[in-house]
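Undergrad: Before I ask anything, let me first share the structure, which is written out below as structure tokens.
The values are calculated or read from the model by the stated rules, or taken from the named source; none is laboratory data. Treat the numbers as computed from the prediction; the structure is a model and nothing was measured. A quick note on method: Cβ atoms are made from the backbone with ideal geometry, for glycine too, and the neighbour counts reach across all protein chains shown. What goes into the accessible areas is simple: the full protein's heavy atoms, side chains included, and nothing from ligands, DNA or RNA. Shrake-Rupley method; radii C 1.70, N 1.55, O 1.52, S 1.80 Å.
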Amino acid sequence: MTGRPGADRWVPPEGDVESLRAAAPGCRGCELWADATQVVFSAGAERARVVLVGEQPGDAEDRAGEPFVGPAGRLLDEALAAAGVDRAEVYLTNAVKHFRFRAQGKRRIHAKPGVAHVKACHPWLEAEVAAVRPDVVVALGATAARAVLGRDVRIGAERGTWLSAPGLPAQPRVVVTSHPSAVLRLRGRSGYDEAFAALVADLRTAAG
Ligand code: URA
Ligand code: SF4
């Protein structure tokens, strides 16, 4: 409890992943909890060597309460398989743990979380990294990269190289890459194969 705004007062100190997961539904660190169905915390191995960080849950994840179970998650699964990485051996989470959207009739349209949401939710990510103590953190897309590195990142300029995250516990090595949704948007168009291959290559680097 440092008096920082955001999730700090809801994050149990030195909690393991299970105690973090148990506390997350109570978080009121920003306003996004109010319209979401539920918090989407994380999935995967507490002892993982690699932590993958996405942006925020999507519509499917908000309903299921699990990260990366919708279309972007399926693409991520394909990329992990192509990179020879077992999904069960990584820890999957998001920079922001509640779904931000705008309602359009009955549809819920993804709305990118703002820097304020990323900052508000950061204590959860810090606590997860402290609990899992991975060697490597992979940031999927610019929002995740901002959360992990604490600065603006151009994915195209910095992807696939080793970076450091002074703002995270135990200083894991960091790789940034594209978000699976960005690759998915190219499906059926020119550039898709290259974009998918680049994501796979970055995942392979990270898991190396
Ligand atoms: N996109 C993300 O960034 N995270 C998810 O959990 C699902 C889609
Ligand atoms: Fe808390 Fe993060 Fe949800 Fe905001 S998005 S209420 S900070 S868990």
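Undergrad: Looking only at segment 140-154, count how many residues are β-branched (Val, Ile, Thr) and away from ligand 2 (no atom under 16 Å from the Cβ).
TA: Number of matching residues: 1.
One line per residue, one yes/no per condition, for (1) on the phi > 0 side of the Ramachandran plot; (2) more than 16 Å from ligand 1 (Cβ to nearest atom):
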{"site": "PRO113", "(1), (2)": "no, no"}
{"site": "GLU128", "(1), (2)": "no, no"}
{"site": "LEU140", "(1), (2)": "no, no"}
{"site": "ALA145", "(1), (2)": "no, no"}
{"site": "GLY150", "(1), (2)": "yes, yes"}
{"site": "PRO166", "(1), (2)": "no, yes"}
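Undergrad: How many residues are within 12 Å of ligand 2 (Cβ to nearest atom), under 15 Å from the mean Cα position of the chain (by Cα) and open to solvent by 50 Å² or more (accessible area, probe 1.4 Å) if we restrict to segment 87-126?
TA: Within segment 87-126, residues that are within 12 Å of ligand 2 (Cβ to nearest atom), under 15 Å from the mean Cα position of the chain (by Cα) and open to solvent by 50 Å² or more (accessible area, probe 1.4 Å) number 2.
Undergrad: Also, I was wondering about something else. Kindly provide the set of residues from segment 19-75 that are among the charged types (D, E, K, R) and in contact (Cβ under 8 Å) with a residue 60 or more places away in the chain, ordered by number.
TA: Result: ASP35, GLU46, ARG47, ARG49, GLU55.
Undergrad: A follow-up question, please. Which of the residues belonging to segment 132-169 are in contact with a Gly (Cβ under 7 Å, 6 or more places away or on another chain), in a helix (DSSP H, G or I) and open to solvent by 20 Å² or more (accessible area, probe 1.4 Å)?
TA: The answer is ILE155, and nothing else.
Undergrad: Checking GLN38 against (1) at pLDDT below 95; (2) more than 15 Å from the chain's Cα centre (by Cα): exactly one of these is not met. Which one?
TA: Every condition holds for GLN38 apart from (1).
Undergrad: Pairs please, first residue from segment 187-204 and of a type in the set (Lys, Arg), second anywhere and open to solvent by 30 Å² or more (accessible area, probe 1.4 Å), Cβ atoms under 8 Å, 6+ apart in sequence or on different chains.
TA: The qualifying pairs are ARG204/GLY84.
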